[in-house]
């Protein structure tokens, strides 16, 4: 595998060892060899993006939307990304897909740096990465029939009319729609049906990586479950790799093999969903988990996270979470914590852990409410 | 060509099987337009005028250019001259029918030309939105700064008199407002997720503009352009009234209005006829445009 030099140190430190839980149990086609070989499909390294904001006639400020984000995704697995609104989840997705250009950092698909490619080679590589969009209403062209929408990527890539038609009908069937739906228009379908169309279109070019950006957030709970089951089913059938972005922790836990927790454009914790639920390390993750409403009415509601999300125009110095963190120490304002591996496969960016950890580590942290 | 892998099918289906294909968007728009009474009256009036102008030689036995000096300025309802005669003794009905050819042409043609050019400029400016877009739109703003009729007169005067030049002048006047409508509509559309989806599929900018943006900005442009037809006829008539459009003796409503001006105290009703037709045509165009807007405006949910 060709690796971009320079950033490799940090990236290697982040490579999650071994494949996580669920995908190993999928009993379909790929041979056990390919499963056990951890095959890195996507490597994101030191990704940064700032957006300029006009604050006056001549003055500009910069919003740091994504700051030094690095991770890898192994083929056939699902990486979940969670975080509050505005933490840079969607920007990360768009940077990976090349919908916006990063200020720094690399995105390597199958070891090939996407940014170094141009023209046809870039286009060929790009068809391997597709996206399922958040809003099932604005993600479909209202003047195109469902069939035309699904066949559009095929048209762009020069398939014949007959091939387009054949493939479109297979795709409709795969996502659980009838082939009569091809002549429907988006305004004649329900939200769940539209999201199925959305998925069918994303799969049209047989991508290997599918990024689902809040793919079920706009749907009813019951429809959410249907769509999530469809996604896991398709993953097994087509050996897809997912990056699943959501603000809903339960959904991410259900879908993912590895989870990234993001806060203000940075990854603060990276581990398996089981570890995230059982023993979250970062104070932010702990608060996030505690905020999930409990089904037991006698359980007192969790202490809410104090303060507003700081303005990304001027993020706090050092650790970005320190302004809202119950365990903040003097070092948090002075130094940005490094990403360290606290437990095997469990990474965290917090001064409570690693070499700078205080004697009574974790003291003052909100107690973990789970089990 | 890339070979397509036959995908395994069968996923538990929630689809209501045996679903009947619903009516297409255009079929729905057509029905809605048919049921709009004002719109249908306007369209009928326009079609009638256009047809009459087209078959003018069949409807009238007179020559529009040759008059009879002994039968000048006859009133409406005279025997042999249903709508009277003008100051040179030419049959008014004949001249109005023949005049409709030029007047309708100078009404439609500039709108068609400027819609095509304005849509290309506006959608490009809206999609690119960088320095290119800014230069394009500021140029349009400069054209926009002049009142429409003044700009038409200025351009027409510099190009010289004649029908072709007046059509060109009016087209240039309309490019600015149409490109602005197109630009605003494009900006609304390009932030939507289906444009991102099209970009992900590898489509080129031209392809996205044509297949994704254009169908979605067409409605506001179409409605706006159809409302300009009436204005276009009025401006064209104004130009020929001022001697910058059609040259005599070719009949044209605007110029006829001008030449009959002197006879307003002798035969006011005859003198007002070209003006009435200009009014009726532009009114019909506006009514048609209103009806179109109502018909096209199908809510997406």
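Readers should treat all values here as calculations from the given coordinates under stated rules, not as data from a laboratory. Since this is a predicted model, take the numbers as computed values, not measurements. Cβ sites come from the backbone with ideal geometry, for glycine too, and all protein chains shown count toward neighbours.
Taking all Cα pairs closer than 8 Å and separated by 6 or more residues, the relative contact order of chain B comes to 24 percent. When chain B is treated as a Gaussian network with alpha carbon springs shorter than 10 Å, the biggest mean-square fluctuation among B:107, B:133, B:262 belongs to B:262. Legend: mean number of C-beta atoms from other chains within 10 angstrom of residue C-beta atoms, peptide A:130-141, equals 5. Residue order for B:205, A:118, B:85, A:106, fewest other beta carbons within 10 angstrom first, comes to A:118, B:205, A:106, B:85.
Each part reduced to its alpha carbon centroid, region B:32-99 and region B:169-202 end up 41 Å apart.
Dividing the convex hull volume of the Cα atoms of chain B by its residue count, what figure in Å³ per residue is obtained? Cα convex hull per residue, to the nearest whole number: 203 Å³.
Ranked by how many other Cβ atoms sit within 10 Å of their own Cβ, fewest first, the residues A:262, B:140 fall in the order B:140, A:262. On the basis of the beta-carbon distance and an R0 of 51 Å, residue B:50 and residue B:265 show a calculated FRET efficiency of 0.95. At an R0 of 45 angstrom, the distance between the Cβ atoms of residue A:229 and residue B:31 translates into a FRET efficiency of 0.70. Taking chain B as the reference, fit the longest principal axis to its C-alpha atoms, fit the long axis of helix B:37-54 to the helix C-alpha atoms, and give the angle between the two in degrees, 0 to 90, nearest 10. Computed tilt is about 60 degrees.
Length available on full extension from residue A:314 to residue A:54: 0.36 nm per residue minus the Cα-Cα distance, which gives 92.2 nm.
Histogrammed with a bin width of 10 Å, the alpha carbon distances of region A:63-208 distribute as 10, 35, 33, 20, 2 percent, first bin at zero.
For region A:37-130, the normalised intensity computed at q = 0.15 Å⁻¹ comes to -0.64 (log10 of I(q)/I(0), Debye sum over alpha carbons, equal scatterers, no solvent). Peptide A:173-181 shows a mean partner chain C-beta count of 6 within 10 Å per residue C-beta. Derived value for region B:49-133: Kirkwood hydrodynamic radius 15.6 Å. Basis is the mean of 1/r over every pair of different alpha-carbon atoms.
Counting every C-alpha pair in region B:139-202, the share spaced more than 15 angstrom apart comes to 62%. Of the residues B:152, B:27, B:53, the one that moves most in a GNM of chain B with alpha-carbon contacts below 10 Å is B:27.
Distances between every pair of Cα atoms in the protein assembly as shown, grouped in 20 Å steps from 0 to the bin holding the largest one, split as 15, 37, 26, 15, 6, 1 percent. Counting only other chain Cβ atoms within 10 Å of each residue's Cβ, the peptide B:200-208 averages 6.
All distinct Cα pairs of region B:118-270 go into the 1/r average, and the inverse of that average, the Kirkwood radius, is 17.5 Å. Considered as an equivalent ellipsoid built on the Cα gyration tensor, region B:104-189 has semi-axes of 25, 14, 9 Å, the largest given first.
Projected over all directions and averaged, the alpha-carbon convex hull of region A:125-261 occupies 8.1 nm². Given R₀ = 51 Å, FRET efficiency for residue B:205-residue B:63 by Cβ-Cβ distance, to 0.05? Rounded to the nearest 0.05, the efficiency is 0.40.
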